[in-house]
Each structure stands twice: as C-alpha cells, then as structure tokens.
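Here is the structure we will look at, set down as structure tokens.
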Amino acid sequence: MKKAIPLFLILILLSGCWDSKEIEEIGFVMGVGLDPAEGDAFETTFQIAIPSQLVQQSSPANKGKPPFINVSSVGKSNFKNIRQIGARRSRTLNFEHLQVIVIHTELLELGILEHILDVYLRDHEMRRRTLILASEDPVKELLKNQLPLESFKAKSIEKIQENYQRVLSMPKLTSIGDISRYIPKETGYIIPLISKFESDEVIIEGGAIINGSDKLVGLLNPLETEGYNRVIGETNQSVTEVKADDEVFVYESYLMNSYISFEHTNDENTFHITIKTEGAIGESWLNQKKLSENKFLFKLQTLIEQKIEKEINGIVKVMQEEYYTDVFGFGDIIKSENS
Amino acid sequence: MKFPKKELNIPENLKYFKNEIVNLLSNSDDIKYKEISVGNNLYSLIIYIDGITDINKIELEITLPLQKMQNDELKELKATTSPESFISNHVLPDMQISTFITAKEAVQGLLNGKSVLLLNEIDTFFLLGSQKFENRSIEQPESEVSIRGPRDAFIEEIVSNTSLIRKHLPNQNLVIENGQIGSVAKKKFSLVYLKGVVDKNTLEEISFRINCITTDNIQDTGEIEQLIEDNVLSPFPQMISTERPDKTVAFLQEGKVALLLQGSPFALIMPVSLNDHFKSPEDYYNRWHVGSLIRNLRYSSAFVALFLPSIYIAMVSFHQGMIPTTLALSIAGAREGVAFPSFLEAIIMEITFEILREAGVRLPRPVGQTIGIVGGLVIGDAVVRAQIVSPIMIIVVALTALASFTLPSVSISVSFRMLRFLLMIAAATLGLYGIILGFIMISTHLVGLRSFGHYYTTPVAPILKKELGDVIFRLPLTIVKKK
C-alpha cells in the first residue's frame, strides 16, 4: 500500500491528460461520399455534424439550417483527403459514428474497392456497422440538404436502408463488416444502390452487382432485386402484388424463408431453392364471396407460388447468363458440403 | 480503612474523610453533603454530586430510614460483625449497597451518580445506588430510517440499550459482558453476543484489542472503531455502527459481536464483511422478491456512486465512439461553450455537491431549507446558464449523489464517495483503462482486507456456498434459514 500510492501518483502526474480529446472538440463524420475526379484522383465528401445546432434547433436563428456541413477534398488517397480537412476546418474528424459510405459506380467499375475502402476497413476509428451503398448519381449531390424526419442526410440514408425487410425492391444492407468478408472471397455480392429521387430526396432501390474480383459488372433493376431478396431469404415482412381474375390482391408474408441445397450428380451441379412462406391476404380487390371458397384460396396460393417462382427464375437466369456472378452464396454451400 | 480512628472524636473522623474526597474531586462546587444524626451518639454523613443523583431517593430511602432507627437497632448495628448485610437487610432494604475501601473507589462511585454513606463508629463505608442521569426518551432512528419494521433506536444510556437488545432477542444465550474503558474517565462498555453462535477466537481478539486501549476518555464508539480496526489506511470501514436494535440483533444472530458504550447511541458491530454493509433489516421484513430487488438496486447504486462520474469523464474525453450516436451529439452540443474540460467540470460539481451535503448536515434545522434553494436553483440552474458545467454533468452528479445515499450504512457510502475521486483522476489520465486499473486496485485491496481476522469479501471470496443465498439475492426465508 505504501509503495502503491506514490507509484499511482507518478503514473497520474507524469501522464497528465495524454491522448484525451474532449467531445466538443471533435468533428463527427456522419457520412462519407466517394466520387471520381480527374486523373487517378477521387473526391471525398465528408458530412460533419454541428452538435450545437442540433441541440438548439428550435431557436429561430437556426431554423431551416441543416445541423451539418459537407466538406469535400480531392486527392489520390483517402488518408490524405481526411487530413486535408484539418487545414480547412477547426475540428479533427472522428469516424466512430460514421453511418454510411456511398461510393460512385464509376469508382466501383475500376475494381479498386479493396483499396478505396482500405482506411475504412482497417483504421481503429472505423466501426464495422457502417453501411456501404453505391450510387450512379454524384454522391456529393446526394449528401446535400437535410431530409425531414432525420437531422442528417447520412442518418436518413442509414434509416431508409434499415427498412429493407419491408421493401422488396431494396437489397439487404451491406456493412463494412460484410465487405471485409466479401473481399478475400472469390464470390460476388450486391451493394444496395441509392439514387436521386425527384429534387432533394433519395431512393434506395436495386443493387450494384460486384463480381469475384470486386469489380462492378452491372446493376440490378428493382424487379430483379425482388427475386434476389427471395433467394437469399431476407423478405420476412414483404408485400407481393398478385393478379387473379384481372383483379389484384396483396399477399403479406409473415414468414418467408429460403433453403438452398446442393446436389452433385453425373458431373452436374444442381442447386435446389426451396421457399417456405406463411402469410395473409393483406389487401384485397377481389370478390368477397369468392374468398370464402376453399377452392379459390388454393388457386390464390398457386398464383403466389407462380409469381415467386417466376421472379426467382428470372434473377437466377440473369446472373447465370448475363453477369456470370454468384451473388447468392452458392459457392459457400458447395464449400460447406464438401468440407 | 486507611485513616486513624482512635485519635479523632466522632465528627472529626467524618470530616477527615470528607476532606479527602473533596480534594480528589478538586473542590468542585456540585458536591453536596448531608449530615444527620442517628439516635443519640451516632453521626452519619451522606456525600453526593448534585444533578446526577435522585434527591428524592436520598431523602426518602436513605435519610428517613436512618433517622427512624431505634436504639436497640443501633446497638445491634454496633455489635454486628457485618454491618453491610445488617444495613442492607434491616435499615435500607430498597437500596443497592456496596462497600469500598479506598477514597479513590468512592470517588469513582460518586462520579457515576452514587452517594457515599459514612457512619462513625462503624468501620464500613457504603456506596448507595441513588444515581439518576438525565436521558432522552427512546425515539425513532435518525440516520437509518425504515418504512417497515421496529422504530426504536438506541439512546445514550447503556442500560436502556442493552434492555432494547434483550427486548428484541429474549434468548437465554445472549451474553452481556461489561467492562470499563478509558484510563482517566472510566466509562462502562458492554460486549453483547450470542453464546454458541459467536466465534470464540474472534471474541477473545475483540476483548484483547479493547483492553489495549489506553486513551484518557472515549466519547463515542466511533473512537473505539478507529482504535481497534485492522487496517487504518483502508478507505473501507471494517465495522458497522448502527443505532437500530433490530439491526444489531440480526447481526448478533449471525454470530457477530456488538459493542455498546455508555453515552453513545451507536452500537458497533464486528467483524463484518463488505456485503453486510449492503444489508438492511428491512430486506428481511419485506417479501423476498422486494428484498432481493432492493438489495440488487443497492448494489447497482453502489456501482453508480463509485463509477458514474469517472465513466462520464472517460467517455467524453477518450471514448466518444462508445456513446450512442444521438447521445454523443447531444452531449457534444451541450458541452459546446463550456469552459472546462470534462474532468475539471466533474471535479467542480462533485466538490460542490460535497459542500452542499456537508452544509446540509451542519445547518440548523430552521434554515435547512436554504440548502434546497441554494443547491437546486443557484448551483443547478445558474451554473449551467453560466456555462461553467454542462447540463449532462448535473444529471451525472445528481444521480451519483442519490445513488450514494441508498446504502444503509453511512460509513460505506462515505468510502465510496472518497474512492470516486480517485477513479475520476484515473479516468482523466487513462480513460476506461484507468478506471479498470483503479477497479483492480480496489479489488485487490478488498480481497486482502480483514476484519478481526475474517476476510472482508466473504462469502464471495473465499466462497461460502451456504451463505451465498443471502448476498446478491435475499432468497425466501423458508430456504435460507436464519440462525
């Protein structure tokens, strides 16, 4: 005890407040956008939070002003771009609360995903929960202006992406953690696609197809995305419009799971995709009388099955014949069966 | 008998003794004498100290019977070989009587409220139990309030205190061992324990340590606690002081020893472990769900009282990534414009709170409400408006303060409050790592600490499975049988 006290005092007095950085001296980066620039350079846009405006947003002076600023810098490396901000803004950037990274498709086409995300994958400040999105429109524009309901545009994008289970045309979210798993693998994957919607708004619909060598090979349209979602089984709360007798009814699923099995016979590889679903007729434009007949209900079931089957066949065919990319994780199933 | 008898005539004989007592008591003015003649040629002198004796009793039960003594009785008294038993049996049958040999002993008796009776011609001197100290009545406990359960509290009179314990525990094995403490002002103390349940070695150790005390005067059990504790440097109290007899009885039943001191309304319980500080008798009076939940609440409050300000400092100045995004931004927004770094901010507010608390204790009751106004309005509101501290810090301080008051033992909450500052410094220098280091230091100290040879962290370390049911949870009484 007598030795411990002076030792403790030495530890404290010599170290002081080393490495401490007060929370109000930090610029929280909420979103990052990566755009192509001239030459081999690219432009990074940072969305930095202004906490004081967030707290006093109701005050008349701040009304209508978004509680963030967007700062862009051009350079050949991410780190340089980040540090360049230090010469222009008072607060050092902090990425611990980074919500989204949006990458322009032109950059994805170059197949440099591994390098362009290197800082975001390996730096100690980065969190694996950060979402990755792709965009055909200039990302700088996408991050502009506040979208009502959320304080930050980046937060809005993140929150919209979280609705993927309810919106069929939106692919499952892809986070930094997912990307770090995908990159060393040879299989392809989908990055959700964000685009401009009307003037200020955004919409997440469709996806960017990335092949095994991390290169963008094409884009999924919303309908194809629905099929993709069904195959990977991320559609539990989805809504499906089905036509029956020239009228429409909506099938709302409570449960929709997919099981993929693999068979290797006669030197041919076969995958079986089984979809199990449970749900209700969420909305009906059909004749009420008919609905009470069992026979008619069975007919509706077949119609739903047919619709789902058609969508799945569509997306599998596109992947097999057009993009030659395995985005469903079939490769993983073979690996786990063989091992 | 130390004075020569034959050379002096009767009144001189008494005078001599009277002078000796007066000298020993430094001629104090509150010593009163009463000379009465008994029969024809017998004189008696009664000495007592004014204020601590019952004058009515002296008048009715000593003076009157003496004066009524008949001549044949006097003769018998002179003739008898044991005047003490004659007086206690025939003359003063209602009195508590003891004899003494030296004047020093007589003075000790006088100081304890007894009166001295001297009879010339008789070689024996008597101490008569006529003491009457002013006592307050038994009231509700001041520092340990409970909603359910007995409402009586100890007072400054040791006999009433032991009687309270007897009342709550009419057990034939209950032993009350009396003794005297203090080298100059001798005060009565009692060691209370349950024979058969108490550990004999511990009891011996306790009496040994108490006997080693050589201080002139002991005012309160708090002083004894400091003189006999195992580790003087430790911030943790190794004994529990309580003013509740029911709490004392509960501890006695667990085999612990209680120390009572004349003039102190606090019993000292020993040996204790850390989790005893978290136990309140109310835990047992309420149903076990409530008892368990409240006890768990207390443990988490202790955690909050110890760690919350340091965690705040560590989070705000080191690990901003660990705060949820929305909260991080609102803390950042609230702290914008605050002049001090979070550590200074926390230190300022914690010290302010300690000042408020101390002032609240010292303030006389009629002006006590001022504390609320000063604390709530001036400190709470104005300090935030002046941007000296952020509103979040006020929440942290208030929560910490409230949490530290949930502990049923005052002394342990004080030690948590002290350690809090240590942890805050650790957090300001090394962040969460510093808090962990501090926690490890506290833990290593705790497992090494002992209270009268008993490990302080029992029954958790070393683990005693039988007693675990009454540590974190308070299992139903049907499962955990109290001894």
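Remark: B:Val397 falls outside the filter, which requires a residue to be open to solvent by less than 30 Å² (accessible area, probe 1.4 Å) and not in a helix (DSSP H, G or I). For segment B:312-329, the criterion of a residue being closer than 21 Å to B:Ile388 by Cβ and away from chain A (no Cβ under 12 Å) is satisfied by no position. The selection criterion, being surrounded by 13 or more Cβ atoms within 10 Å (Cβ to Cβ) and at pLDDT below 90, holds for B:Leu363. Of all the criteria given as (1) under 28 Å from B:Leu399 (Cβ atoms); (2) out of contact with any helix residue (DSSP H, G or I) (no Cβ under 6 Å at 6 or more places or on another chain), the one not satisfied by B:Pro281 is (2). Within the set B:Ile395, B:Ile442, the sole residue that is within 30 Å of B:Gly321 (Cβ to Cβ) and within 14 Å of another protein chain (Cβ to nearest Cβ) turns out to be B:Ile442. The set of residues in segment A:287-328 being open to solvent by less than 90 Å² (accessible area, probe 1.4 Å) and small (Gly, Ala, Ser) consists of A:Gly314 alone. Across segment A:72-88, which residue is nearest to the other protein chains (Cβ to nearest Cβ) among those that are in a loop (DSSP other than H, G, I, E, B) and open to solvent by 60 Å² or more (accessible area, probe 1.4 Å)? Step by step, filter segment A:72-88, then rank; the result is A:Arg88.
I need a count of the residues in segment A:5-45 that are within 21 Å of the chain's Cα centre (by Cα) and at the interface with chain B (Cβ under 9 Å from one of its Cβ atoms).
Selection size over segment A:5-45: 2.
The set of residues from segment A:110-132 being more than 14 Å from chain B (Cβ to nearest Cβ), over 14 Å from the mean Cα position of the chain (by Cα) and of a type in the set (A, V, I, L, M) comprises A:Leu110, A:Ile112, A:Leu113, A:Ile116, A:Leu117, A:Val119, A:Leu121. For segment A:46-55: of the residues being within 8 Å of chain B (Cβ to nearest Cβ) and in contact (Cβ under 8 Å) with a residue 40 or more places away in the chain, which is most open to solvent (accessible area, probe 1.4 Å)? Ranking the qualifying residues of segment A:46-55, first place goes to A:Leu54. For segment A:91-109, filtered to residues that are open to solvent by 10 Å² or more (accessible area, probe 1.4 Å) and within 16 Å of A:Lys144 (Cα to Cα), the residue that is nearest to the other protein chains (Cβ to nearest Cβ) is A:Gln99. Annotation: of all residues in segment B:24-46 being crowded, with 17+ Cβ neighbours inside 10 Å and of a type in the set (Ser, Thr, Tyr), the one that is modelled with the lowest pLDDT is B:Tyr43. In segment A:221-232 there is at least one residue matching the filter, namely being surrounded by 18 or more Cβ atoms within 10 Å (Cβ to Cβ) and among the acidic types (Asp, Glu).
Among what's in segment A:133-159 and is of a type in the set (A, V, I, L, M) and surrounded by fewer than 22 Cβ atoms within 10 Å (Cβ to Cβ), pick the residue that is nearest to the chain's Cα centre (by Cα). Talk me through it step by step, then tell me what you get.
At the first step, the residues of segment A:133-159 found to be of a type in the set (A, V, I, L, M) are A:133-134, A:139, A:142-143, A:147, A:149, A:154, A:157.
Those left that are additionally surrounded by fewer than 22 Cβ atoms within 10 Å (Cβ to Cβ): A:147, A:149.
Numbers: A:Leu147: 18, A:Leu149: 20 Å.
The qualifying residue nearest to the chain's Cα centre (by Cα) is A:Leu147.
Checking segment A:257-276 against the condition returns a match, with at least one residue being exposed (fewer than 10 other Cβ atoms within 10 Å of the Cβ), part of a strand (DSSP E or B) and of a type outside the set (S, T, N, Q).
Hey, can you tell me all the residues within segment B:148-174 that are in contact with an Asp or Glu (Cβ under 7 Å, 6 or more places away or on another chain), over 19 Å from B:Phe189 (Cα atoms) and assigned to a loop (DSSP other than H, G, I, E, B)? Spell out the reasoning first.
Here is the first cut: in segment B:148-174, the residues in contact with an Asp or Glu (Cβ under 7 Å, 6 or more places away or on another chain) are B:148-150, B:153-154, B:164, B:168.
Those left that are additionally over 19 Å from B:Phe189 (Cα atoms): B:148-150, B:168.
B:Arg148, B:Gly149, B:Pro150 - these are the residues of segment B:148-174 that are in contact with an Asp or Glu (Cβ under 7 Å, 6 or more places away or on another chain), over 19 Å from B:Phe189 (Cα atoms) and assigned to a loop (DSSP other than H, G, I, E, B).
Restricting the first member to segment B:92-108 and to residues that are in contact (Cβ under 8 Å) with a residue 24 or more places away in the chain and under 21 Å from B:Pro65 (Cβ atoms), and the second to residues that are among the acidic types (Asp, Glu) and open to solvent by 30 Å² or more (accessible area, probe 1.4 Å), the beta-carbon pairs closer than 7 Å and six or more apart or on different chains are B:Leu92/B:Glu61; B:Asp94/B:Glu61; B:Met95/B:Glu61; B:Ile97/B:Glu84; B:Thr99/B:Glu84. The single residue among B:Glu177, B:Glu205, B:Glu243, B:Glu223 that is open to solvent by less than 40 Å² (accessible area, probe 1.4 Å) and among the acidic types (Asp, Glu) turns out to be B:Glu243.
Evaluation of B:Leu437 against the conditions (1) within 12 Å of another protein chain (Cβ to nearest Cβ); (2) in contact with a Ser or Thr (Cβ under 8 Å, 6 or more places away or on another chain); (3) free of Cβ contacts under 8 Å to residues at least 24 places away in the same chain shows that the sole unmet condition is (2). Have a look at B:Arg365, B:Arg385, B:Arg357, B:Arg335 and point out the one that is on the phi < 0 side of the Ramachandran plot, assigned by TED's automatic domain parsing to the domain that holds B:Phe405 and of a type outside the set (Val, Ile, Thr). Only one candidate qualifies: B:Arg335. Can you find, within segment B:331-353, the residue that is farthest from A:Ala154 (Cα to Cα) among those that are in contact (Cβ under 8 Å) with a residue 24 or more places away in the chain and open to solvent by 40 Å² or more (accessible area, probe 1.4 Å)? So the residue we want is B:Ile348.
For the structure I just gave you, tell me whether B:Val107 is surrounded by 17 or more Cβ atoms within 10 Å (Cβ to Cβ), part of a helix (DSSP H, G or I) and in contact with a helix residue (DSSP H, G or I) (Cβ under 7 Å, 6 or more places away or on another chain). Yes.
Taking segment B:338-384 as the range and being within 14 Å of chain A (Cβ to nearest Cβ) and over 18 Å from B:Ala305 (Cβ atoms) as the test, the residues that pass are B:Val338, B:Ala339, B:Phe340, B:Pro341, B:Ser342, B:Phe343, B:Leu344, B:Glu345, B:Val384.
Applying a threshold of 9 Å to beta carbon distances and a minimum spacing of six or more residues, or different chains, the list of pairs starting in segment B:160-174 at a residue that is in the same structural domain as B:Ser264 (by TED's automatic domain parsing) and ending at one that is open to solvent by 30 Å² or more (accessible area, probe 1.4 Å) and in a helix (DSSP H, G or I) reads B:Leu169/B:Gln253; B:Asn171/B:Gln253; B:Leu174/B:Arg166.
Listed conditions (1) within 28 Å of B:His319 (Cβ to Cβ); (2) in contact with a Leu (Cβ under 6 Å, 6 or more places away or on another chain) are all met by A:Arg129, apart from (2).
The values are calculated or read from the model by the stated rules, or taken from the named source; none is laboratory data. A quick note: this is a predicted structure, and the numbers were derived from the prediction, not measured. Neighbour counts are summed over all protein chains in view; Cβ atoms, including those assigned to glycine, are modelled from backbone coordinates with ideal geometry. With ligands, DNA and RNA removed, areas are computed over all heavy atoms of the protein, side chains included. Shrake-Rupley method; radii C 1.70, N 1.55, O 1.52, S 1.80 Å.
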